[in-house]
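Everything on this sheet refers to the single structure shown next.
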Amino acid sequence: MSCSYETKNQYIKLNIMHEMGIALQIIDVAVRSIPKTNDQVQVEAVHLRIGKLSAVVPQSLTFCFDITKKDTPLANAKLQIEEIPITAKCRDCGHEMIITEAFFKCSQCQEGKLEILSGRELDIVSITLSDTER
(Lines give C-alpha, C1' and ligand atoms only; values in the text may rest on other atoms or scores of the structure.)
Protein backbone atom coordinates (compact mmCIF):
# COMPACT_ATOMS: atom_id res chain seq x y z
CA MET A 1 0.00 0.00 0.00
CA SER A 2 1.48 3.34 -1.00
CA CYS A 3 0.73 6.63 0.64
CA SER A 4 1.22 10.15 -0.66
CA TYR A 5 3.60 12.51 1.11
CA GLU A 6 0.68 14.75 2.08
CA THR A 7 -1.27 11.86 3.60
CA LYS A 8 1.77 10.73 5.63
CA ASN A 9 2.23 14.28 6.95
CA GLN A 10 -1.44 14.48 7.91
CA TYR A 11 -1.12 11.19 9.80
CA ILE A 12 1.98 12.40 11.63
CA LYS A 13 0.28 15.68 12.58
CA LEU A 14 -2.84 13.90 13.85
CA ASN A 15 -0.71 11.41 15.78
CA ILE A 16 1.32 14.17 17.43
CA MET A 17 -1.86 16.08 18.30
CA HIS A 18 -3.17 12.95 20.08
CA GLU A 19 0.05 12.50 22.05
CA MET A 20 0.20 16.24 22.78
CA GLY A 21 -3.11 16.03 24.67
CA ILE A 22 -1.85 13.03 26.62
CA ALA A 23 1.43 14.80 27.43
CA LEU A 24 -0.50 17.82 28.75
CA GLN A 25 -2.64 15.56 30.94
CA ILE A 26 0.46 13.81 32.32
CA ILE A 27 1.95 17.19 33.23
CA ASP A 28 -1.31 18.26 34.88
CA VAL A 29 -1.45 15.09 37.01
CA ALA A 30 2.22 15.41 37.96
CA VAL A 31 1.91 19.08 38.94
CA ARG A 32 -1.16 18.28 41.07
CA SER A 33 0.88 15.57 42.85
CA ILE A 34 3.37 18.13 44.18
CA PRO A 35 2.66 18.99 47.84
CA LYS A 36 1.26 22.52 48.18
CA THR A 37 3.48 23.11 51.23
CA ASN A 38 6.72 23.14 49.24
CA ASP A 39 7.04 25.13 46.03
CA GLN A 40 10.69 24.05 45.61
CA VAL A 41 9.77 20.50 44.66
CA GLN A 42 10.51 19.43 41.11
CA VAL A 43 9.45 16.31 39.26
CA GLU A 44 12.41 14.10 38.37
CA ALA A 45 10.60 11.35 36.47
CA VAL A 46 7.20 10.09 35.40
CA HIS A 47 6.90 6.34 34.90
CA LEU A 48 4.20 5.17 32.47
CA ARG A 49 2.86 1.80 31.36
CA ILE A 50 1.64 1.96 27.77
CA GLY A 51 -0.02 -1.00 26.10
CA LYS A 52 0.60 -1.82 22.46
CA LEU A 53 -3.15 -1.44 21.79
CA SER A 54 -3.44 1.97 23.46
CA ALA A 55 -2.97 3.90 20.19
CA VAL A 56 -0.09 5.83 21.77
CA VAL A 57 3.28 6.02 20.03
CA PRO A 58 5.92 6.23 22.80
CA GLN A 59 8.38 8.25 20.69
CA SER A 60 5.70 10.80 19.79
CA LEU A 61 4.57 11.04 23.42
CA THR A 62 8.16 11.61 24.58
CA PHE A 63 8.61 14.30 21.91
CA CYS A 64 5.40 16.07 23.00
CA PHE A 65 6.25 15.70 26.70
CA ASP A 66 9.68 17.27 26.13
CA ILE A 67 8.06 20.26 24.40
CA THR A 68 5.26 20.82 26.93
CA LYS A 69 7.28 20.35 30.13
CA LYS A 70 9.23 23.59 29.67
CA ASP A 71 8.51 26.27 32.29
CA THR A 72 6.82 23.74 34.59
CA PRO A 73 8.05 21.82 37.66
CA LEU A 74 8.71 19.00 35.17
CA ALA A 75 11.26 20.99 33.16
CA ASN A 76 14.05 18.48 33.90
CA ALA A 77 11.85 15.40 34.24
CA LYS A 78 12.39 12.21 32.31
CA LEU A 79 9.52 10.21 30.88
CA GLN A 80 10.08 6.50 31.57
CA ILE A 81 7.88 4.30 29.42
CA GLU A 82 7.30 0.60 29.93
CA GLU A 83 5.62 -0.90 26.87
CA ILE A 84 3.09 -3.62 27.71
CA PRO A 85 2.63 -6.41 25.16
CA ILE A 86 -0.75 -7.60 23.96
CA THR A 87 -1.67 -10.75 25.85
CA ALA A 88 -4.80 -12.75 25.19
CA LYS A 89 -6.62 -15.89 26.30
CA CYS A 90 -8.42 -18.14 23.85
CA ARG A 91 -12.09 -18.51 24.73
CA ASP A 92 -12.17 -21.94 23.08
CA CYS A 93 -9.13 -23.76 24.48
CA GLY A 94 -8.02 -21.47 27.33
CA HIS A 95 -4.48 -20.99 25.99
CA GLU A 96 -2.81 -17.70 26.99
CA MET A 97 -0.41 -16.05 24.57
CA ILE A 98 1.41 -12.87 23.62
CA ILE A 99 0.08 -11.43 20.37
CA THR A 100 2.81 -10.23 18.02
CA GLU A 101 0.98 -10.28 14.68
CA ALA A 102 -1.70 -7.90 13.41
CA PHE A 103 -3.97 -10.92 12.92
CA PHE A 104 -5.33 -12.11 16.28
CA LYS A 105 -5.85 -15.86 16.54
CA CYS A 106 -4.99 -18.54 19.05
CA SER A 107 -1.49 -19.92 18.56
CA GLN A 108 -2.70 -23.27 19.92
CA CYS A 109 -6.06 -24.03 18.22
CA GLN A 110 -6.03 -21.29 15.53
CA GLU A 111 -9.46 -19.93 16.60
CA GLY A 112 -10.10 -16.19 16.68
CA LYS A 113 -12.20 -15.97 19.84
CA LEU A 114 -9.74 -14.17 22.10
CA GLU A 115 -10.13 -12.24 25.31
CA ILE A 116 -7.58 -9.42 25.52
CA LEU A 117 -5.85 -9.56 28.91
CA SER A 118 -3.35 -6.72 28.52
CA GLY A 119 -2.15 -4.21 25.99
CA ARG A 120 -4.69 -1.41 26.44
CA GLU A 121 -2.95 0.24 29.40
CA LEU A 122 -2.14 3.93 29.60
CA ASP A 123 -1.22 4.34 33.25
CA ILE A 124 0.90 6.69 35.31
CA VAL A 125 2.66 4.21 37.58
CA SER A 126 4.73 6.64 39.63
CA ILE A 127 5.94 10.20 39.83
CA THR A 128 9.37 10.82 41.35
CA LEU A 129 9.73 14.15 43.16
CA SER A 130 12.87 15.86 44.38
CA ASP A 131 13.46 18.82 46.66
CA THR A 132 15.69 21.35 44.88
CA GLU A 133 17.00 22.74 48.20
CA ARG A 134 19.18 19.66 48.91
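Descriptive notes on the structure:
Condition check ((1) hydrophobic (A, V, I, L, M, F, W, C); (2) within 20 Å of Val31 (Cβ to Cβ)) across all residues:
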site	(1), (2)
Lys52	no, no
Pro58	no, no
Thr62	no, yes
Thr68	no, yes
Ala75	yes, yes
Leu79	yes, yes
Glu82	no, no
Cys90	yes, no
Met97	yes, no
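- Considering the range 21-134, the qualifying strands (runs of 3 or more DSSP E), each wholly inside and each with 2 or more residues that are of a type in the set (Val, Ile, Thr) and touching a residue at least 12 places away in the same chain (Cβ under 8 Å), run over 41-51, 78-84, 86-90, 96-99, 122-131.
- Just one of the numbered conditions (1) exposed (fewer than 14 other Cβ atoms within 10 Å of the Cβ); (2) at positive phi; (3) in contact with a Leu (Cβ under 6 Å, 6 or more places away or on another chain) is not true of Gly119: (1).
- Yes/no for Thr72 being closer than 17 Å to Met20 by Cβ, under 23 Å from the mean Cα position of the chain (by Cα), at pLDDT below 95 and not aromatic (Phe, Trp, Tyr): yes
- For Leu61, the conditions (1) under 30 Å from Gln40 (Cβ atoms); (2) touching a strand residue (DSSP E or B) at 6+ places or on another chain (Cβ under 6 Å); (3) buried (at least 17 other Cβ atoms within 10 Å of the Cβ) are fulfilled apart from (2).
The values are calculated or read from the model by the stated rules, or taken from the named source; none is laboratory data. These figures come from a predicted structure and were not determined experimentally. Every residue, glycine among them, receives a Cβ derived from its backbone with ideal geometry; neighbour counts consider all protein chains shown.
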